[in-house]
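Notes to accompany the following structure.
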Amino acid sequence: MLNKVFLIGRLTRDPEIRFLPSGSQVTSFTIAVNRPYRVNNEWKEETYFFDVESFGMLAERLGKQLNKGAQILIEGQLRQDRWETASGEKRTKIKVVADKVNIISGKTQEKPVEREEEPDLDITTEPEDFSSDEDVPF
């Protein structure tokens, strides 16, 4: 059985942090994913919104690092939550449970931030991968 999803999108709000009774952190957020498509030689775009949850150490790091507007790549799986309302109606909701998250770019800023030290250096960085405890500098 295969349940794997990859999404690139931007956070629509700052992450929400909560804790399970065990003390483990859960970080939740929503991302907007754009899908361009063509109709009669005219480009259009649809936007989809996905709720994402992360748990444990990944949740702790994402809760500190992410903010509204950040563009991220998520690797995870789909989970279906099921419940019944007080009036007896059955409900379901599909969420993405993140296994790995790469930060592609931070929140879009109106003014570019300039480096004061060594301004002529061309610095290229890889997206951060928050899936492993070993590679994280803190």
inquiry  = Please go through the stretch 12-40 and give me each residue that is assigned to a loop (DSSP other than H, G, I, E, B) and either closer than 24 Å to Glu60 by Cα or small (Gly, Ala, Ser) (or both), ordered by number.
reply    = Thr12, Arg13, Asp14, Pro15, Leu20, Pro21, Ser22, Gly23, Ser24
Residues satisfying the stated conditions in the stretch 83-99, i.e. loosely packed, with under 10 Cβ neighbours inside 10 Å and either in contact with a helix residue (DSSP H, G or I) (Cβ under 9 Å, 6 or more places away or on another chain) or among the aliphatic types (A, V, I, L, M) (or both) = Ala86
inquiry  = So Asp14 passes all but one of these: (1) closer than 18 Å to Ile104 by Cα; (2) in contact with a strand residue (DSSP E or B) (Cβ under 7 Å, 6 or more places away or on another chain); (3) without any contact (Cβ under 8 Å) to a residue 60 or more places away in the chain. Which condition number does it fail?
reply    = (2)
inquiry  = So in the stretch 30-57, with the set limited to residues that are aliphatic (A, V, I, L, M) and modelled with pLDDT of 95 or more, which one is nearest to Lys95 (Cα to Cα)?
reply    = Val52
Enumeration of residues in the stretch 57-77 that are surrounded by 19 or more Cβ atoms within 10 Å (Cβ to Cβ) and part of a helix (DSSP H, G or I) = Leu58, Ala59, Arg61, Leu62, Gly63
ask   = For Glu45, are the conditions met, namely being of a type outside the set (Gly, Ala, Ser) and either free of Cβ contacts under 8 Å to residues at least 12 places away in the same chain or farther than 18 Å from Gly69 by Cβ (or both)?
value = yes
message = Against the condition touching a residue at least 40 places away in the same chain (Cβ under 8 Å), closer than 22 Å to Ile103 by Cβ and aromatic (Phe, Trp, Tyr), how does Phe29 come out, does it pass?
response = no
query = Filter the stretch 22-56 for residues that are aliphatic (A, V, I, L, M) and over 13 Å from Ile74 (Cα atoms); which is surrounded by the most Cβ atoms within 10 Å (Cβ to Cβ)?
reply = Val26
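The values are calculated or read from the model by the stated rules, or taken from the named source; none is laboratory data. None of the values given here were measured: they were computed from a predicted structure. With ideal geometry, Cβ positions are generated from the backbone for all residues, glycine too; neighbour counts draw on all protein chains shown.
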